[in-house]
Amino acid sequence: MPLYVKLSPRESDRPEKTIHTVLKRPQASWAQSVFSVTANMKLMPNRDYPYEGLSMVVDDDNWHILDGIAVGLTGEGGRLEQRGVTAYPWKTIYHYAKDDLNLDVEYYLLRTNRQVAAARVLFTASRPVGVAVEPFADIRHMYDSSHPREHAQYMDEKLLMVDRDGIKVLIGSPNTTSADAWNLPVNWHYKLGSGYRRHSDGGADFVGEDRMITSIGELRIHVEDRAPLVVTAGTSQHMLKEMYWRTLMECDENEKREKARAAHIVEKLKLKPGSGEAFRALALFNYGIRVRETIFHDAGEFWFRTPWLRDQFEGILHNMKTLVKFREGRMMVEEILLNALAYQHQCGLIPNRILGRGMLDYNSADAVLLAYIAAGKYASLTENEELIEKVLGCADVTIKAFHDQDESGCDGIKHPVAQDNGLITTVPWHSWIDSHCSIEWRGRMIKIPSRVPREWVYEGLTLSEEETLRALDESVYYLPEINAQWIRALLACAEMCKLLDADGSRYSELADLALGSYRSIFGGERVPICSIVTLDGRADETWGSPAVVAAALLGEKLLKKNEIRKFVSGVREHLLVKRGARAFGIMVRENRDCIYCSDNEYHDGVVWPRDTPYLIKLLRMAGEQGTVREILESNLDHQMNEGFIFYNAELFSVDHGDVTPVKNPVQFWSQWADPYMKQSSIVPVLKRGLGIIR
């Protein structure tokens, strides 16, 4: 089977189900729907998010560049009709037609080592024809807005140029016969907005967004049989012109390398071409963003097109066996580990996020722990002594800092604090469950960490408002998954010492102390592992995915075999969510009545695929291979039949059984491939209509 799928160019009446494609490169990405809409008598792939279109990295930040390109015919009456879409992991082809004319419009984004976006839109016609091309610009930082009057467009010979805030775009073709520049404002409605919803008739509808985009002109191009249109974007006009000519000369060879790379990945992993696992692995290797000459895995698309080190190391952990099979993957893992640890603060932490223009966000207890766990797993596979020595040096800084400091923090950074029992306490929102929700208190709205039960907060506010609010931002809470990571990180360091023939007892003794205290702190009457515990021992016994993560990380070091089976039975009853008849994932917090609309439900009764590898590991410990297979199949069904094909969404609203993808449709830590390497090849049942054409 080939490495592409043929898609029907249809739009679902449920916009989150409509299939989209995205081309991802370290310096740029291009996303759009398989469904084309009419724009000024032309056809243009639709965008349902205001973040779709062409975007690129500028000064370590993601900038939106073009909304889309509309295509029509010159000198012929009537309009093009859409006939289908062919999607590869590295390019997308839109098939249009009119009478005896077949016109293919192929989008390809070049992989380059420069801070510039370069794309080729290739027209292939069944007979000579004139094509009219109308680009729509919306140059802005990904989180900002723009206005048409802020764009300056002009012709440079037959090249169409547009500029805003120093970001320049060049659009041109050697086959251009004539061209005009103009500035025409167009209001566009994006049905999925930023992924939020509002309650409606017992369910929820997506909150759409409207933005003003700019038609910047038209190029008329003669297509004898093939004709390229080149789009380059960056901050230097000289560079754009250089890349314009290089794209014309080098694009075919660039694509050959991309195709060979894809074939090599599939062959090396011994996957069946055309299978869901093959496309999953290929999409995994498309993640990457260039930050200060280092390529990290970006956390996702759109507003997540930036390195989140927590997401980075979770993703590496669940893809380690896949990545290390390739020199490219090994180099990337090593480079990411070394560069992430180079950002270590004296408080022992590494950043959670690397923001644009040198800004760092250290609000994370787990990023550094996950880095040590990932380093240990990588070291066990590669035995890189130089890397091990660097990691152990950083681990010593972390351990000393956690033991030396108190809850007040260091340089304004709130770090975890090691307690006498060997466990660590942290700020309640410094795990991956980092959202805040709003509560009303005495006539005003207060933001509190969603991890802390609301009844605790209300009780505390009644006694002392100031002390309660202060404690919500201090390292005074035990979190089960953070402490499981702490223990695993210590054990990883001890194992790395063995690889150096060094004494690792300082790590193993700390791990033993923490493990010996774990059940006394987190064990509950209703649940085997509590969701959150205060320093004075108050515990939240609500079932939640943090307990699953902790149990999977510690396994039989914490629970006996029969206890694991009993725990899995509880997970099935309280947390497991099915899509149709098949198991799919687990809720972050037990609440089957939850309908996701906003940040108040972001970490409530919703399913995050980032939790699923831990669930799979736990199910395998309990011998439930049938449930594992259901999960693998149902997740591939999502990947191939809704949203962004080949990619996996951030989270899902349970919606009383009608499980719906919401928020970001492309998320790195949802793209786990290693669990599939334990199964025989699964070719998903692909649905008709919105999915693959049979």
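The values are calculated or read from the model by the stated rules, or taken from the named source; none is laboratory data. None of the values given here were measured: they were computed from a predicted structure. For neighbour counting, all protein chains shown are included, and Cβ atoms are generated from backbone atoms with ideal geometry for every residue, glycine included. When the accessible area is computed, the model is the full protein with side chains, heavy atoms only, and any ligands, DNA or RNA have been set aside. Shrake-Rupley method; radii C 1.70, N 1.55, O 1.52, S 1.80 Å.
Return the only residue of 399, 448, 433 being under 31 Å from the mean Cα position of the chain (by Cα), within 14 Å of residue 471 (Cβ to Cβ), crowded, with 17+ Cβ neighbours inside 10 Å and touching a residue at least 12 places away in the same chain (Cβ under 8 Å).
Values: 399 fails: within 14 Å of residue 471 (Cβ to Cβ); 433 fails: within 14 Å of residue 471 (Cβ to Cβ).
Within the list 399, 448, 433, the selection yields 448.
Here's a check for you: in region 163-181, which residue that is open to solvent by 20 Å² or more (accessible area, probe 1.4 Å) and small (Gly, Ala, Ser) is farthest from residue 218 (Cα to Cα)?
Residues of region 163-181 that are open to solvent by 20 Å² or more (accessible area, probe 1.4 Å), as a first pass: 163-166, 168, 174-175, 177-181.
Keeping just the survivors that are small (Gly, Ala, Ser) gives 166, 178-179, 181.
Values: 166: 22, 178: 9, 179: 6, 181: 7 Å.
Checking each candidate, the answer is 166.
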request  = Just name the residue that is surrounded by the fewest Cβ atoms within 10 Å (Cβ to Cβ) out of those in region 286-309 that are charged (D, E, K, R), in contact (Cβ under 8 Å) with a residue 40 or more places away in the chain and under 21 Å from residue 335 (Cβ atoms).
outcome  = 292
query = Taking region 73-89, which residues are outside any loop (DSSP other than H, G, I, E, B), within 37 Å of the chain's Cα centre (by Cα), farther than 12 Å from residue 37 by Cα and not hydrophobic (A, V, I, L, M, F, W, C)?
reply = 83, 84, 86
Single unsatisfied condition, residue 15 versus (1) modelled with pLDDT under 95; (2) open to solvent by 10 Å² or more (accessible area, probe 1.4 Å) = (1)
query = Tell me, which residue of region 258-285 that is free of Cβ contacts under 8 Å to residues at least 12 places away in the same chain and of a type in the set (D, E, K, R) is least open to solvent (accessible area, probe 1.4 Å)?
reply = 267
query = Between a first residue in region 139-155 that is aliphatic (A, V, I, L, M) and a second residue that is open to solvent by 80 Å² or more (accessible area, probe 1.4 Å), which pairs have beta carbons less than 7 Å apart while being 6 or more apart in sequence or on different chains?
reply = 139/165
Enumeration of residues in region 213-238 that are open to solvent by 50 Å² or more (accessible area, probe 1.4 Å) and modelled with pLDDT of 95 or more = 222, 224, 225, 226
query = Of 145, 126, which residue is over 17 Å from residue 173 (Cβ atoms), open to solvent by 20 Å² or more (accessible area, probe 1.4 Å), at pLDDT 95 or above and among the polar types (S, T, N, Q)?
reply = 126
request  = Mind telling me which of the residues 505, 569 ends up being free of Cβ contacts under 8 Å to residues at least 40 places away in the same chain, of a type outside the set (Phe, Trp, Tyr) and either open to solvent by less than 10 Å² (accessible area, probe 1.4 Å) or within 22 Å of residue 399 (Cα to Cα) (or both)?
outcome  = 505
key: Near pairs, Cβ below 7 angstrom, 6+ apart or cross-chain, from region 37-62 (touching a residue at least 40 places away in the same chain (Cβ under 8 Å) and surrounded by fewer than 20 Cβ atoms within 10 Å (Cβ to Cβ)) to any residue that is not in a strand (DSSP E or B) and not hydroxyl-bearing (Ser, Thr, Tyr)   = 59/356; 59/357; 60/292; 60/356; 60/357; 61/356
ask   = Does any residue of region 75-95 turn out to be open to solvent by 10 Å² or more (accessible area, probe 1.4 Å) and hydroxyl-bearing (Ser, Thr, Tyr)?
value = yes
task = For residues that are outside any strand (DSSP E or B) and polar (S, T, N, Q), scanning just region 110-154, find the one that is farthest from residue 229 (Cα to Cα).
result = 145
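Kindly indicate the residue of region 483-532 that is β-branched (Val, Ile, Thr) and out of contact with any helix residue (DSSP H, G or I) (no Cβ under 6 Å at 6 or more places or on another chain) and also nearest to residue 366 (Cα to Cα) among those meeting that condition. Write out each step before concluding.
To start, the set of residues in region 483-532 that are β-branched (Val, Ile, Thr) comprises 487, 521, 527, 529, 532.
Subset that is out of contact with any helix residue (DSSP H, G or I) (no Cβ under 6 Å at 6 or more places or on another chain): 521, 527, 532.
Details: 521: 19, 527: 23, 532: 15 Å.
Ranking the qualifying residues of region 483-532, first place goes to 532.
Taking residue 111, is it farther than 22 Å from residue 49 by Cα, basic (Lys, Arg) and either free of Cβ contacts under 8 Å to residues at least 24 places away in the same chain or open to solvent by less than 30 Å² (accessible area, probe 1.4 Å) (or both)?
So residue 111 does not fit the description; no.
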inquiry  = Looking at (1) more than 25 Å from residue 340 (Cβ to Cβ); (2) open to solvent by 30 Å² or more (accessible area, probe 1.4 Å), which one does residue 244 not meet, given that it meets all the others?
reply    = (2)
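Being among the aliphatic types (A, V, I, L, M) and open to solvent by 10 Å² or more (accessible area, probe 1.4 Å) is the filter here, so list the residues in region 473-493 that pass it. Even if it seems obvious, please write down each step before you answer.
Going through region 473-493, the residues among the aliphatic types (A, V, I, L, M) turn out to be 476, 479, 482, 484, 487, 489-492.
Once the filter is applied, which keeps residues that are among the aliphatic types (A, V, I, L, M) and open to solvent by 10 Å² or more (accessible area, probe 1.4 Å), region 473-493 yields 476, 491, 492.
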inquiry  = Condition first: part of a helix (DSSP H, G or I) and closer than 22 Å to residue 145 by Cα. Now tell me which residues in region 299-326 satisfy that.
reply    = 302, 303, 304
